[in-house]
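Participant: Supplied in structure tokens, the structure appears directly below.
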């Protein structure tokens, strides 16, 4: 099974998003998947210019010669597509969105009706693929992910992939700090790995497993106290 992962965090493997993404990938590999990971922040990816040469003058090929020329062929025959991003202004990170904007060469310019809705057919085969979101948020509440979830579901409909769920970690900035203090967070990482195994094995992830990944780490009041004290200390150091 071929899995393509885009880690859209500007911090790559050192970010809070990777704390959940890494065991998730490990679980998929344990279940036998071939996983390829891409980091847009480390790649040369220019912004889409919206001139549509890739549809009309050079079908399937953008006029911009950059790392997208290497990435787009990797989408052929993928069965699982994972989008990983920290929550930025109620949506995905800029590097991830920029990369997704540049995938239009794999779409045909003609419009078809799919389930009664206008869509562009694809040039590549995605094998009835599965789409997954992995995201981390600096706010406490889970509903901060709602706009991003709506966006990713829409992307799934556009590229004709089934959105099968999300690994969401609210109030994520305290996770690593709590681990360093010796608090047991193994259930969260075990659940992320198990979600990867389930996805490859069963084509879906258990709601209970996803709930464990996003479980409360501490109360909202405790979170506010800890984060605001950290910010106060940081400001004091910079101003001293």
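Participant: Tell me the label-point distance for the pair residue 34, residue 219, using the 7 Å Cα-to-Cβ offset, in nm and rounded to one decimal.
Facilitator: 5.2
Participant: For residue 238 and residue 208, FRET efficiency with R0 = 30 Å and r from the beta-carbon atoms, rounded to 0.05?
Facilitator: On the way: r = 43 Å, r/R0 = 1.44.
It comes to 0.10.
Participant: Between residue 74 and residue 153, what length in nm is gained on full extension when 0.36 nm per residue of separation is reduced by their alpha carbon distance? All intermediate terms of the calculation are to be shown ahead of the outcome.
Facilitator: Values: separation 79, 0.36 × 79 = 28.44 nm, distance 2.15 nm.
Net length gain for the segment: 26.3 nm.
Participant: What distance in nm lies between label points placed 7 Å from Cα along the C-beta direction at residue 115 and residue 53?
Facilitator: Placing both labels 7 Å along Cα→Cβ, they lie 3.5 nm apart.
Participant: Rounded, prolate or oblate, given the Cα gyration tensor of the stretch 123-196, with a/c below 1.5 counting as rounded? Before the final figure, lay out each step's value.
Facilitator: Numbers: a/c = 3.85, a/b = 1.90, b/c = 2.03.
Since a/c reaches 1.5 but b/c is at least a/b, the shape of the stretch 123-196 is classed as oblate.
Participant: Let me ask something additional. Nearest 5 is fine: what % of DSSP beta bridges in the stretch 1-107 come out antiparallel, could you say?
Facilitator: Details: 1 of 11 bridges.
Around 10 percent of the beta bridges assigned by DSSP in the stretch 1-107 are antiparallel ones.
Participant: If each residue of separation counts as 0.36 nm, what is the full-extension length gain between residue 63 and residue 44 once their alpha-carbon separation is subtracted? Don't skip to the end; give the middle numbers.
Facilitator: Details: separation 19, 0.36 × 19 = 6.84 nm, distance 1.42 nm.
Answer, rounded to one decimal: 5.4 nm.
Participant: Shifting gears a bit: Give me the distance between the Cα centres of the stretch 47-95 and the stretch 102-150, rounded to whole Å.
Facilitator: Cα centroid of the stretch 47-95 versus Cα centroid of the stretch 102-150: 12 Å apart.
Participant: Once the Cα atoms of helix 186-202 and of the chain are each reduced to a long axis, what angle between those two axes, in degrees from 0 to 90 to the nearest 10, is obtained?
Facilitator: 20
Participant: Of all DSSP beta bridges in the stretch 83-178, what percent run antiparallel (nearest 5)? Kindly include the intermediate steps, with their values, before the conclusion.
Facilitator: On the way: 5 of 16 bridges.
If we restrict to bridges inside the stretch 83-178, about 30 percent are antiparallel.
Participant: A further question on this structure: To test your reading of the geometry: what angle, between 0 and 90 degrees and rounded to tens, separates the Cα axis of helix 220-239 from the longest principal axis of the chain?
Facilitator: Taking the Cα atoms of the chain, the angle to 220-239 is about 90 degrees.
Participant: Please compute the alpha carbon radius of gyration of the stretch 108-240, then divide it by the globular-protein estimate 2.2 N^0.38 Å. Two decimals is fine.
Facilitator: Details: Rg = 19.5 Å, N = 133, 2.2 N^0.38 = 14.1 Å.
Dividing the Cα Rg of the stretch 108-240 by 2.2 N^0.38 Å gives 1.38.
Participant: For the stretch 123-240, what relative contact order do you get, as a whole percent, if you take Cα pairs closer than 8 Å and at least 6 residues apart? Numbers along the way, then the final one.
Facilitator: On the way: 117 pairs, mean separation 30.5, N = 118.
Relative contact order comes out at 26 percent.
Participant: While we're here: Output the antiparallel fraction of DSSP beta bridges having both residues in the chain, as a percent to the nearest 5. Could the numbers behind the result be given before it?
Facilitator: Working: 5 of 29 bridges.
Within the chain, antiparallel bridges account for around 15 percent of the total.
Participant: Same structure again: To test your reading of the geometry: what angle, between 0 and 90 degrees and rounded to tens, separates the Cα axis of helix 16-30 from the longest principal axis of the chain?
Facilitator: On a 0 to 90 degree scale, this one is about 60.
Participant: Using the basic label-point model (7 angstrom from Cα toward the beta carbon), what is the residue 123 to residue 228 distance in nanometres?
Facilitator: Output for this residue pair reads 5.4 nm.
Readers should treat all values here as calculations from the given coordinates under stated rules, not as data from a laboratory. Note that the structure is a prediction, hence the values are computed from the model and not measured. Counting neighbours? That spans all protein chains shown, and the Cβs are built from the backbone with ideal geometry, glycine included.
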